[in-house]
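Read through the structure below, which is laid out as structure tokens, and then see the notes.
The values are calculated or read from the model by the stated rules, or taken from the named source; none is laboratory data. Predicted, not measured: the structure shown is a model, and the values here were computed from it. Glycine gets a Cβ as well: all are built from the backbone with ideal geometry, and neighbour counts include every protein chain shown. Keep in mind that these areas ignore ligands, DNA and RNA; they rest on the heavy atoms of the full protein, side chains included. Shrake-Rupley method; radii C 1.70, N 1.55, O 1.52, S 1.80 Å.
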Amino acid sequence: MSKHKGMLLAIDVGNTNIVVGIFKGDTLVADFRLKTEHELTADEIALSLKGLMELKGIALRQISAVAIACVVPPLLWPFREFVRRYLDCPIRVVGEDGVIGIPILYDHPAEVGADRLINALAAWERYRRSLIVVDYGTATTFDCVSDRGEYLGGAIAPGLSPAAEALFVKAARLPKVELFSYPERAIGKNTMESMRAGLILGFAALTDGLIEQLEREMGQRAKIVATGGLAPVMARYSQRIETVTPHLTLEGLRIFYERNKAS
């Protein structure tokens, strides 16, 4: 079997988490989530991924290609070194190796986070219509795609988890709050209920309000796609989220690699 008929390792290096997916053809066969450590070495990356992959019955030698989106610049070199030393296979990095494949109508395209562009690419390939992609990560990002497949730009708001952490750190009497649960009402009857309502219902209102403004500026109604760890929670309360796609970024990395593997 040709080396290029193996598996694709897709890696999304974010500020809080590193999300990893393994594709066999078009199918995501395994995915993992690691905490982002800013001083990771190539050897530590190899050790972590080897162990997680083996739990799923996948060996490093089965990886024949790698696609990476990275918004933490100091970590890009260790990941490249990991690929060179342990995989010795083709690698494509968003923003450095190849093209995204959709027009980017941004004043300075290099400023757009790689994950935002890849999300837009994946959503456009899936739906082929005007879109707003909402990604609930370290930041909450809103990315707009026209009905011609153009990346228009978008908005960046604070992330839900950092907002909760800021309340805990800055307000002496407020506890840490669990976000992966559903508020029953907006009028909280204790501190935890009140914080959960303010955070989750407040961010749902932020989501819907920003979507309305973005659509006015786009001049058309868009399909709203949510991704990121807290997307399922937020979709329960947002009036506008239509679809939750948990692995949108990984899917975008697969598409990006397929478009650029011959370059």
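Remarks
- Cα-derived Rg over Rh, computed across the chain with Rh taken as Kirkwood radius: 0.99
- Trypsin sites (Lys or Arg not before Pro) lying in DSSP loop within region 1-86, provided at most 13 other Cβ fall within 10 Å: K56
- Solvent-accessible heavy-atom area per residue, rounded to whole Å², over region 171-263 at 1.4 Å: 51 Å²
- Charge sum, other residues only, whose C-beta stays under 12 Å from A235's C-beta, Lys/Arg counted +1 and Asp/Glu -1: 0
- The loop-placed GluC sites (Glu not before Pro) in region 213-263, going by DSSP, that have at most 14 neighbouring Cβ atoms within 10 Å of their Cβ come out as E242.
- Computed on the Cα trace of region 106-253, the radius of gyration divided by the Kirkwood hydrodynamic radius gives Rg/Rh = 1.00.
- For region 182-262, diffusion coefficient by Stokes-Einstein and Kirkwood Rh (Cα), 37 °C, 0.692 mPa s, µm²/s: 224 µm²/s
- Derived from the Cα gyration tensor, the three semi-axes of the equivalent ellipsoid of region 2-122 are 23, 17, 13 Å, largest first.
- Rg and Dmax of region 15-86, based on Cα coordinates, read 11.8, 32 Å.
- Sum of -39500 (n - 2.57) over DSSP H runs of 4+, divided by residues of the chain (222 nm, nearest 500): -10500 deg cm²/dmol
- Counting lysine pairs in the chain whose alpha carbons fall under 14 angstrom apart, excluding pairs fewer than 8 residues apart on the same chain, gives 5.
- Within region 50-133, the GluC sites (Glu not before Pro) that combine a DSSP coil assignment with at most 14 other C-beta atoms in a 10 angstrom radius are E96.
- Whole-percent carbon and sulfur share, accessible surface of region 20-79, 1.4 Å: 55 percent
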